[in-house]
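Worksheet: one structure, shown below.
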Amino acid sequence: MSGQMLLKGFFAGIMSLAITWSVYDRYDSQTGYELKGHEQQRYLPYVTGILPLYFGIIAVLSLIILGIERTVAEMSEMMFGIFFEICVYYAILLLLMPYLRRKICSRSCALLWFLPNYMYFTQYSFMGLNKPALVICVPEKAVWLIFGLWAAGAMFVMAWKIVGHIIFRREILNGAVPVSDFSIIHILNREMERANFKGPWLKIVKSEKVASPLTIGLFKRSTKIVLPKRQYSADEMELIFRHEIIHITRADAWSKFFLVFCLAMCWFNPLMWSAVRKSADDMELSCDETVLLGCNNEEKQRYARLILSEAGEGRGFTTCLSASAEALRYRLKSIVQPVKTRSGAILVGVMLFAITMTCGFVTIASGESSGNEIFFQSKENGEYTLEKVYVQGGEYDGKDPIDKEAILEYLNSLTLSEIHGNYTFSDKDTAIEIEFEGPEGLFWISLRDRYAIITPLKGERGVYYLKENIDWDFFGDIVPEIPEAWLKLYEDGNKGTNTLTADTAKLICLSGDGRTYIDRQIGPGEGRGIFGASPQKAEITFSFEVIESPEVLIEPYEGGEGYWAEISENDGIYSFVLPDYDAHYTVYTRLMGKDGRQYEAEFTFDIGDV
């Protein structure tokens with residue numbers, strides 16, 4: 001597992017543990033109190049409209065700073081991964097929900113529908129994946145066509161739902177009469193005090209346009225409980241108000257807004273329409289469950305009769321006591337014959353972790369351009385100078401005998417598509433990186449199996465998907481891999497103590513197979529400077545297969561005759577005893593690379609105070 005995945009998993013794990021604890025801590029199968037301290041509001045929302053707000057803010061800022069074209073590119077890039085994930089997640093949840101309703105509490109079932117609200121967190125840089133698992137290539141013109149159709153559909157669905165809510169609100173409130181009956185107001189006040197309701201006092205109206213009690217309003221100050229013009233007993237009013245207050249304090253109207261937002265973004269997926277209906281049913285089941293916590297059988301039967309006597313459904317972002325025909329039977333059964341369930345806290349945490357970790361596994365790559373267009377702006381090769389080629393183990397500079405023209409021709413011939421998404425491509429397995437100097441300054445091209453990353457000294461990085469895998473045989477012929485050796489020093493024979501790190505002690509091949517490489521030595525005095533005392537033993541390992549045992553020539557700094565060290569070998573580790581004076585060391589050996597190429601390798605380092 002890459003370091004990037006570990007970092008992503010760390011933050012995803014923190015989020016998942018936090019919501020797991022929140023569900024567990026607020027679950028009470030007896031009293032319904034969702035907080036241990038009764039001084040706080042009794043019922044709290046699990047989620048609010050964070051994801052829609054996040055996208056709205058990003059879109060506005062992008063339009064101001066980047067302009068419309070870049071905003072479209074940035075927003076489509078962000079949205080594709082998240083809403084593809086939402087489509088998959090809701091499809092899985094639709095299949096699992098009939099089973100989950102029998103095993104975990106309704107409050108957790110309802111919460112599962114809202115977990116994608118936290119996916120804005122995946123857009124932070126530290127939550128980016130190293131690379132996608134699947135890339136879907138789309139022609140450039142098709143991207144704009146698809147984006148246009150999607151955006152038109154999304155705006156239509158969102159506008160349809162919002163306008164429908166506004167029309168419904170005006171329809172039911174037109175001619176509505178404020179309730180002045182003291183007995184009804186007293187029951188509402190009592191239920192608000194029971195819930196330790198925080199916010200402005202709720203208003204009650206009666207309307208001829210509704211057939212069932214409902215609550216309408218996204219903001220508490222504009223929220224109204226709407227009653228039909230029929231008589232209810234005091235016990236029924238108590239249950240009605242308790243039901244609606246739970247919806248209000250949990251911000252279920254905003255939860256419905258979030259679901260409509262997801263529906264608008266994924267309007268093309270028929271499963272999303274079914275998911276929104278099912279999620280609304282689970283919100284009502286969750287509310288029923290909370291209303292009846294601590295109630296006896298008689299109260300449960302009274303509540304069931306109340307629901308059965310109501311007709312009609314709320315529209316828009318309303319919460320309604322009555323049940324849809326599809327959900328009525330299940331709600332009544334859950335009320336009269338509830339099954340014993342668990343909190344579902346662990347499952348909620350696991351599901352959040354899963355969707356957070358997998359977001360971005362699939363992305364799109366748009367357009368199709370040549371390497372000459374992308375890397376060199378369609379200019380002549382002569383305008384670009386190959387400065388360095390970095391490969392595993394070291395680098396070739398401009399003086400090394402590599403075929404620069406062949407590299408340029410190969411890069412020009414590549415076919416690339418631009419990748420969209422939040423990816424770091426920061427793993428250490430980059431096979432080759434090429435540094436160029438051009439009219440715009442220095443830039444680097446990093447090549448992997450199916451990816452090319454271009455990084456200018458000034459400007460933004462570009463990531464591209466390749467039509468075909470990189471031809472590593474081609475690069476193996478003209479840019480062979482450089483052998484490496486690692487040195488470890490030990491003091492007083494105590495293995496593992498005072499050991500140089502591999503990065504500090506990395507030794508690059510000076511010569512091999514007729515080529516010249518960069519020399520990276522350990523400078524004089526570095527060994528002693530690190531440890532404060534002279535090491536007595538050295539161990540050397542090699543990145544390639546050793547086909548001829550190494551020899552080590554030790555030459556004193558102060559003059560005198562050098563000598564060949566006595567080498568011992570154990571499982572690919574070559575060790576020898578160091579002299580008690582400052583010296584220069586040269587290691588000679590023959591190595592074989594993964595491609596069968598043999599190297600006459602020479603490594604050097606120094607140990608001393610000089």
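Condition check ((1) of a type in the set (Phe, Trp, Tyr); (2) assigned to a strand (DSSP E or B); (3) out of contact with any His (no Cβ under 7 Å at 6 or more places or on another chain)) across all residues:
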site: GLU566; (1), (2), (3): no, no, yes
site: GLU569; (1), (2), (3): no, yes, yes
site: TYR574; (1), (2), (3): yes, yes, yes
site: ASP580; (1), (2), (3): no, no, yes
site: THR586; (1), (2), (3): no, yes, yes
site: ARG590; (1), (2), (3): no, yes, yes
site: LYS594; (1), (2), (3): no, no, yes
site: ALA601; (1), (2), (3): no, yes, yes
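If you filter the stretch 384-401 down to residues that are surrounded by 18 or more Cβ atoms within 10 Å (Cβ to Cβ) and in a loop (DSSP other than H, G, I, E, B), you find that the one that is modelled with the highest pLDDT is TYR384. So, in the stretch 373-383, exactly how many residues are over 19 Å from ARG450 (Cβ atoms) and part of a helix (DSSP H, G or I)? Qualifying residue count, the stretch 373-383: 4. What pairs can you find where one residue is in the stretch 92-114 and assigned by TED's automatic domain parsing to the domain that holds ASP282 and at pLDDT below 90, the other is surrounded by fewer than 18 Cβ atoms within 10 Å (Cβ to Cβ) and in a strand (DSSP E or B), and their Cβ atoms are less than 9 Å apart, with a gap of 6+ or different chains? The qualifying pairs are LYS103/ARG342; ILE104/ARG342; CYS105/ARG342; SER108/ARG342.
Taking the stretch 568-589, which residues are surrounded by fewer than 16 Cβ atoms within 10 Å (Cβ to Cβ) and under 53 Å from the mean Cα position of the chain (by Cα)? Of everything in the stretch 568-589, those that are surrounded by fewer than 16 Cβ atoms within 10 Å (Cβ to Cβ) and under 53 Å from the mean Cα position of the chain (by Cα) turn out to be SER568, GLU569, ASN570, ASP571, GLY572, ILE573, VAL577, THR586, TYR588. I'd like to check something: does the stretch 433-453 contain any residue that is part of a helix (DSSP H, G or I) and surrounded by 18 or more Cβ atoms within 10 Å (Cβ to Cβ)? No, the stretch 433-453 contains no residue that is part of a helix (DSSP H, G or I) and surrounded by 18 or more Cβ atoms within 10 Å (Cβ to Cβ). I'm trying to understand the selection: among the residues of the stretch 71-129, which are crowded, with 23+ Cβ neighbours inside 10 Å and outside any helix (DSSP H, G or I)? Scanning the stretch 71-129 gives CYS105, LEU129. Here GLY441, GLY421 are screened, and the one residue that is closer than 30 Å to PHE361 by Cβ, of a type in the set (Gly, Ala, Ser) and either in the same structural domain as ILE136 (by TED's automatic domain parsing) or modelled with pLDDT of 70 or more (or both) is GLY421.
Out of the stretch 131-143, which residues are buried (at least 18 other Cβ atoms within 10 Å of the Cβ) and of a type outside the set (Val, Ile, Thr)? LYS131, PRO132, listed by residue number. Criterion applied to VAL60, VAL23 was being at pLDDT 80 or above and either within 24 Å of CYS105 (Cβ to Cβ) or hydroxyl-bearing (Ser, Thr, Tyr) (or both), and the one residue passing it is VAL23. Taking the stretch 243-280 as the range and being farther than 23 Å from TYR120 by Cα and either outside the structural domain of LEU306 (by TED's automatic domain parsing) or touching a residue at least 24 places away in the same chain (Cβ under 8 Å) (or both) as the test, the residues that pass are HIS243, GLU244, ILE245, ILE246, HIS247, ILE248, THR249, SER274, ARG277, LYS278. Residue pairs, Cβ under 7 Å, 6 or more apart or interchain, first in the stretch 560-587 and modelled with pLDDT under 90, second surrounded by fewer than 13 Cβ atoms within 10 Å (Cβ to Cβ) and aliphatic (A, V, I, L, M). List them. Once the first residue is modelled with pLDDT under 90 and sits in the stretch 560-587, its partners that are surrounded by fewer than 13 Cβ atoms within 10 Å (Cβ to Cβ) and aliphatic (A, V, I, L, M) give ASP582/VAL610. As a summary of the residue check, GLU299 satisfies the conditions (1) surrounded by fewer than 17 Cβ atoms within 10 Å (Cβ to Cβ); (2) at pLDDT 85 or above; (3) not hydroxyl-bearing (Ser, Thr, Tyr); (4) not in a loop (DSSP other than H, G, I, E, B) except for the one numbered (2).
The values are calculated or read from the model by the stated rules, or taken from the named source; none is laboratory data. Given the structure is predicted, the values throughout are model-derived calculations rather than measurements. Note that each Cβ is placed from the backbone with ideal geometry, even for glycine, and that neighbours are counted across all protein chains shown.
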